[in-house]
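Everything below concerns the one structure shown next.
The values are calculated or read from the model by the stated rules, or taken from the named source; none is laboratory data. Just so we're clear, the structure is a prediction, and the values are computed from it rather than from any experiment. As a convention, Cβ positions derive from the backbone with ideal geometry for all residues, glycine included, and neighbour counts pool all protein chains shown.
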Amino acid sequence: MKRHMAVKDLARDDRFVRSDMKDRLTDPRQATREEDRPGGTQKRGPAIRIHHPNAPDAARSLMHGIFVGEVQALEGAGRTCWDYDPGPARDEVPFELKLDMARQCWDEARHVEISCKLSDWMGTELGEFAESTMLFEAACNEDPVLRLTGVNRALEGLAIDVFNTMREFGQTAGDPVLEFCEDWMLADEVTHVKMGSDWLRRLTAKDPERQERALEFQRVVDKLFSYGGLRGDDDDSPVRLARRFRELAGFQADEIDEIAELSREATREREAMAAARTSASAN
């Protein structure tokens, strides 16, 4: 089997529609803040809140995003199991890390099955919403430590926030199936992030430069996956940072604060871009 597979080689059947992140975010069904509507009206607040008129589509979109994310998380963990020989060298990994990744593959496979059934429960067909490959891209980094920070700490950390948001959405909507399934997967995600946090510190204990480079990669991924402020710590954030669960997963309070500030920075950049487009069209 080929090692260190390129993103372009990632295979899908004809049910899947692949797009870049920009196209995904401009889909009006996404669980993002509402923009100005024709006629000068503005609907305020994130669409993932139960009272919002777009809540059903937003929840289905987010659930589909969870599904494709679980597929790519399975593929990424499997690649890490296969791509590296066991050993102490920089391009090798401890055998115990490979075992952790194998355990994660089992968890992710279960999550894919749960997500398929949840999508059907919520009235969504696979491929109804687009798929981007950014998660798998983070899992293709040649340095295994950067994979751990990009995938297990940044993206699985995002999964903690998303699953907690969907769990609360299920509670509010009176949907025990959604609430139970999200709670079940949330527990696994805390474990996956904790594995990433523990291995990051173990593998870079004597190499602070490598640790800082890995954490900087995590910051880049975290900002990209804040989706222009979709995930944050403010009351109007569609996906709220799940601070308690992140602490259980090995995050320090200052690390969570930094993620929150990255989201605010992404929000300011998105708003500046929107203002620039509005100004350009007016001129």
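Determine, yes or no, whether Lys2 is at pLDDT below 90 and closer than 30 Å to Asp234 by Cβ. Steps first, answer last, please.
Working: at pLDDT below 90: yes; closer than 30 Å to Asp234 by Cβ: no.
The answer is no for Lys2.
Sort out which residues of the range 130-149 are more than 16 Å from Gly78 (Cβ to Cβ), assigned to a helix (DSSP H, G or I) and of a type outside the set (S, T, N, Q), and write them in order of number.
Met134, Val145, Leu146
Can you pull out every residue in the range 78-87 that is touching a Lys or Arg at 6+ places or on another chain (Cβ under 9 Å), part of a helix (DSSP H, G or I) and not polar (S, T, N, Q)? Walk me through it before giving the result.
The initial filter retains those residues of the range 78-87 that are touching a Lys or Arg at 6+ places or on another chain (Cβ under 9 Å), namely 79-84, 86.
Now restrict to residues that are part of a helix (DSSP H, G or I): 79-83.
Within the range 78-87, Arg79, Cys81, Trp82, Asp83 qualify.
Out of Ala280, Ala260, I need the residue that is small (Gly, Ala, Ser) and out of contact with any strand residue (DSSP E or B) (no Cβ under 8 Å at 6 or more places or on another chain). Which one? I'd like the intermediate steps shown before the answer.
Values: Ala260 fails: out of contact with any strand residue (DSSP E or B) (no Cβ under 8 Å at 6 or more places or on another chain).
Only one candidate qualifies: Ala280.
Quickly run through the range 252-283 and pick out the residues that are within 16 Å of the chain's Cα centre (by Cα) and within 20 Å of Asp198 (Cα to Cα).
Result: Ile256, Ile259.
Can you find, within the range 88-129, the residue that is surrounded by the fewest Cβ atoms within 10 Å (Cβ to Cβ) among those that are part of a helix (DSSP H, G or I) and of a type in the set (Ser, Thr, Tyr)? Outline the logic, then answer.
Looking only at the range 88-129, we keep the residues that are part of a helix (DSSP H, G or I), and these are 95-121.
Then drop every residue that is not of a type in the set (Ser, Thr, Tyr), which leaves 115, 119.
Working: Ser115: 23, Ser119: 19.
Only one residue tops the list, namely Ser119.
Report whether or not Glu70 is more than 15 Å from Glu189 (Cβ to Cβ), in a helix (DSSP H, G or I) and among the acidic types (Asp, Glu). Spell out the reasoning first.
Details: more than 15 Å from Glu189 (Cβ to Cβ): no; in a helix (DSSP H, G or I): yes; among the acidic types (Asp, Glu): yes.
Answer is no for this residue.
Quick one: would you say Gly87 is without any contact (Cβ under 8 Å) to a residue 60 or more places away in the chain, at positive phi and among the small types (Gly, Ala, Ser)? Give the steps one after another, and end with the answer.
On the way: without any contact (Cβ under 8 Å) to a residue 60 or more places away in the chain: yes; at positive phi: yes; among the small types (Gly, Ala, Ser): yes.
So Gly87 passes the test.
Any chance you could count how many residues in the range 140-154 are touching a helix residue (DSSP H, G or I) at 6+ places or on another chain (Cβ under 7 Å), surrounded by fewer than 24 Cβ atoms within 10 Å (Cβ to Cβ) and of a type outside the set (Val, Ile, Thr)?
Taking the range 140-154 as the starting set, the residues that turn out to be touching a helix residue (DSSP H, G or I) at 6+ places or on another chain (Cβ under 7 Å) are 140-141, 144-154.
Retained after the next criterion (residues that are surrounded by fewer than 24 Cβ atoms within 10 Å (Cβ to Cβ)): 140-141, 144-146.
Adding the requirement that they be of a type outside the set (Val, Ile, Thr) leaves 140-141, 144, 146.
Qualifying residue count, the range 140-154: 4.
Would a scan of the range 156-175 turn up a residue that is modelled with pLDDT of 90 or more, over 30 Å from His52 (Cα atoms) and polar (S, T, N, Q)?
No, the range 156-175 contains no residue that is modelled with pLDDT of 90 or more, over 30 Å from His52 (Cα atoms) and polar (S, T, N, Q).
Quick test for you: out of Leu248, Leu215, Leu230, Leu200, pick the one residue that is modelled with pLDDT of 90 or more, among the hydrophobic types (A, V, I, L, M, F, W, C) and over 14 Å from Ala154 (Cβ atoms). Please lay out each step first, then the result.
Working: Leu215 fails: over 14 Å from Ala154 (Cβ atoms); Leu230 fails: modelled with pLDDT of 90 or more; Leu200 fails: over 14 Å from Ala154 (Cβ atoms).
Of Leu248, Leu215, Leu230, Leu200, the one residue that is modelled with pLDDT of 90 or more, among the hydrophobic types (A, V, I, L, M, F, W, C) and over 14 Å from Ala154 (Cβ atoms) is Leu248.
For the range 160-180, name all the residues that are among the polar types (S, T, N, Q) and more than 13 Å from the chain's Cα centre (by Cα). So that I can check it myself, show each step before the final result.
The initial filter retains those residues of the range 160-180 that are among the polar types (S, T, N, Q), namely 164-165, 171-172.
Within the range 160-180, Gln171, Thr172 meet the criteria.
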